[in-house]
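Please read the structure below before turning to the comments.
Just so it is clear, none of the values below were taken in a lab; they were calculated from the coordinates. Quantities reported herein were computed from a predicted structural model and do not represent experimental measurements. Here the Cβ is made from the backbone with ideal geometry for all residues, glycine too, and neighbour counts use every protein chain on show.
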Amino acid sequence: MSQAAPTHPLRLDTRLGPLTVTTRGSGPPAVLWHSLFVDSTTWCRVAPLLEPARQLLLIDGPNHAGQPPASRPFTLQDCVGAAVDVLDELGISGPVDWLGNAWGGHVGVLFAADHPDRCRTLTAIGAPMQAYSDTDRRRTRLLSLIYLVGGPRPVSRPLVDALLGPRTRAEDPTAAAIVAAAFARAERRGMYDAVRWLSLHRRDLTDVLDTLDTPTLLTTGPDDPMWTTTDARAAAAHLPNGALAVLPGAGHVGPLLQAAPAVAQLVTAFWDDPQGTLKAQATTRPAASSG
């Protein structure tokens, strides 16, 4: 499978400091925002398949991808503002298709809610809408402290297992290396702060789903214990104009690297015919949750 190098990286000023935005492809604009812990390199297998349909704007989120850390604490709402700054800097005032993975899906939900005139469609891949459980919060807090003291090496393995599933290191070592390298690329204090500010304090976003008029596609996988098909189906039921799709791949990031053709096929079909795709997904009952 082709993994063409990204093209046209830009450094754009935002309210959270300069952010790297890579543009590739041509056509109507689509914003791609990655998961927490990694960066835009995790789109490397999906982006080449989407390029013929859209001009892709791959945003490296604040405190990720080796960018200087933000000078102040920030929230998901601040990330929405930074995305708006990027679009304004690029002179894009019309609606975009938003494709977000985990963190990027959370930012996308709030972007669609706050700026419905600027969001044509929203796809959120592996983005749990509920807040962290107490157990997950304690585990993440412990791992983040270990990371702050010891750097990425002590926590890289459990992180890869969580984002891609424990079999990926043996079955697809390249995918595991992409995630590990993206995690290691971040400035240590910046990543630690992003986890504290965004992950540990993320609120339940289910009530926001009730307000969305934007055609919205939520996705999960059959093997994502933090975003089970049961939870995802319940969240999708709150969408006035949305549906749930189940994609292959384990963990939040797994579909992008383990099932890129399936992701690209679903996303491009949604972009081409939002209502038709939502109707088709609504009539397809997802597999029973494993969680």
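Looking at this structure, is residue 114 over 21 Å from the mean Cα position of the chain (by Cα), surrounded by fewer than 19 Cβ atoms within 10 Å (Cβ to Cβ) and not small (Gly, Ala, Ser)? Judged against the criteria, residue 114 is not a match.
Would you mind stating whether residue 232 is assigned to a helix (DSSP H, G or I) and aliphatic (A, V, I, L, M)? Spelling it out, residue 232 is indeed assigned to a helix (DSSP H, G or I) and aliphatic (A, V, I, L, M). Among the residues of the range 191-222, just one is among the small types (Gly, Ala, Ser) and either surrounded by fewer than 22 Cβ atoms within 10 Å (Cβ to Cβ) or touching a Ser or Thr at 6+ places or on another chain (Cβ under 8 Å) (or both), namely 199.
Suppose the filter is basic (Lys, Arg), more than 30 Å from residue 240 (Cα to Cα), in contact with a helix residue (DSSP H, G or I) (Cβ under 8 Å, 6 or more places away or on another chain) and crowded, with 17+ Cβ neighbours inside 10 Å; does residue 188 pass it?
Here the answer is no, as residue 188 does not meet what is asked.
Within the range 118-150, the set of residues being among the small types (Gly, Ala, Ser) and out of contact with any helix residue (DSSP H, G or I) (no Cβ under 6 Å at 6 or more places or on another chain) comprises 126, 131, 133, 150. Within the range 152-177, residues that are at positive phi sit with their Cβ atoms under 7 Å from residues that are in a helix (DSSP H, G or I), at 6+ positions apart or across chains, in these pairs: 165/254. For residue 236, indicate whether it is surrounded by fewer than 22 Cβ atoms within 10 Å (Cβ to Cβ), in contact with a Leu (Cβ under 6 Å, 6 or more places away or on another chain) and either of a type outside the set (Lys, Arg) or without any contact (Cβ under 8 Å) to a residue 24 or more places away in the chain (or both). In short, no. Residue pairs whose Cβ atoms lie under 8 Å apart, sitting 6 or more positions apart in sequence or on different chains, and linking a residue in the range 66-82 that is at positive phi to a partner that is surrounded by fewer than 20 Cβ atoms within 10 Å (Cβ to Cβ) and of a type in the set (D, E, K, R), are 66/185; 66/187.
Inspect the range 202-222 for any residue being more than 22 Å from residue 97 (Cβ to Cβ), of a type in the set (Lys, Arg) and in a loop (DSSP other than H, G, I, E, B) and give the result as yes or no. Within the range 202-222, one or more residues are more than 22 Å from residue 97 (Cβ to Cβ), of a type in the set (Lys, Arg) and in a loop (DSSP other than H, G, I, E, B).
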